[in-house]
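No lab work stands behind these numbers, since they all come straight from the coordinates. The model shown is predicted, which means the values in this text are computed figures rather than measured ones. Note that we place each Cβ from the backbone using ideal geometry, even for glycine, and neighbour counts take in every protein chain shown.
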Amino acid sequence: MKVIGICGSLRNNSLNKVVINELKELSSDTFTVEVVSIGDLPLFNGDLEEGGDPSVVHRFKDQLAQADGLLIVSPEYSHGVPGVLKNALDWAGSMTNVNVLDKKPAMVIGASPSAVGTALSQVQIKQTLSACGAYVLPQPEVFIGTAHERIGDGRVTDEDTISILKDVNLKFSNWIKRFLH
Ligand SMILES: Cc1cc2nc3c(=O)[nH]c(=O)nc-3n(C[C@H](O)[C@H](O)[C@H](O)COP(=O)(O)O)c2cc1C
């Protein structure tokens with residue numbers, strides 16, 4: 001099974017990038033994760049879409065269309081979804097062009113240095129995915145709080161977090177299988 005991974009942070013030293021890469025390694029027995037960058041996507045503009053998706057958008061949507069699942073690992077900005085991620089989802093879940101999120105199994109995870117960070121952004125991300133017809137894994141919810149204490153030198157160092165990621169990885173893989181034809 002092929003999963004596309006999207007990180008909601010473009011930062012080089014992103015905690016969320018570490019988590020997505022950790023999941024990529026942990027999932028090697030269940031599915032492959034190809035992490036795609038959303039930083040080069042133009043700002044969504046219906047005029048651009050009308051003229052045919054720009055090539056970078058076309059490539060991004062094609063990767064999603066080919067995938068069996070979508071993994072999103074994202075921070076929370078000002079109690080909401082990072083704009084760069086919402087922009088990517090607006091392109092992917094187009095109501096006027098091809099919607100590549102429809103019926104796509106998806107999982108959302110978030111990491112933050114704060115204690116309860118990403119709960120609010122995850123609600124928004126899941127709401128958007130559901131509006132686009134994606135099948136969002138309902139449980140378990142994974143909020144990696146105090147992430148700066150659980151992540152170091154580009155790896156997840158906290159054993160409890162690693163076992164949570166292993167568990168959710170297995171559940172996501174079973175979730176995807178429910179929708180394979
Ligand atoms: C503009 C901005 C707004 C933020 N708002 C929140 C927030 O609402 N909740 C939260 O838990 N962290 C918030 N943070 C802190 C981020 O969780 C923290 O910077 C985190 O490391 C970003 O994720 P990354 O390491 O993957 O880039 C905010 C950071 C920025 C830059």
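The table below gives the values:
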item: Residues located in region 12-29, provided they are of a type outside the set (S, T, N, Q) and over 18 Å from R150 (Cα atoms); result: D29
item: Lone unmet requirement of (1) more than 16 Å from the ligand (Cβ to nearest atom); (2) under 14 Å from the mean Cα position of the chain (by Cα); (3) of a type outside the set (G, A, S) for N21; result: (1)
item: Residues located in region 131-154, provided they are part of a strand (DSSP E or B) and surrounded by 13 or more Cβ atoms within 10 Å (Cβ to Cβ); result: Y135, V136, V142, F143, I144, I151
item: Filtered residues of region 1-15 (kept if closer than 30 Å to H181 by Cβ and surrounded by 19 or more Cβ atoms within 10 Å (Cβ to Cβ)); result: V3, I4, G5, I6, C7, G8
item: Hits in region 44-81 - residues which are of a type in the set (S, T, Y) and within 16 Å of the ligand (Cβ to nearest atom); result: S74, Y77, S78
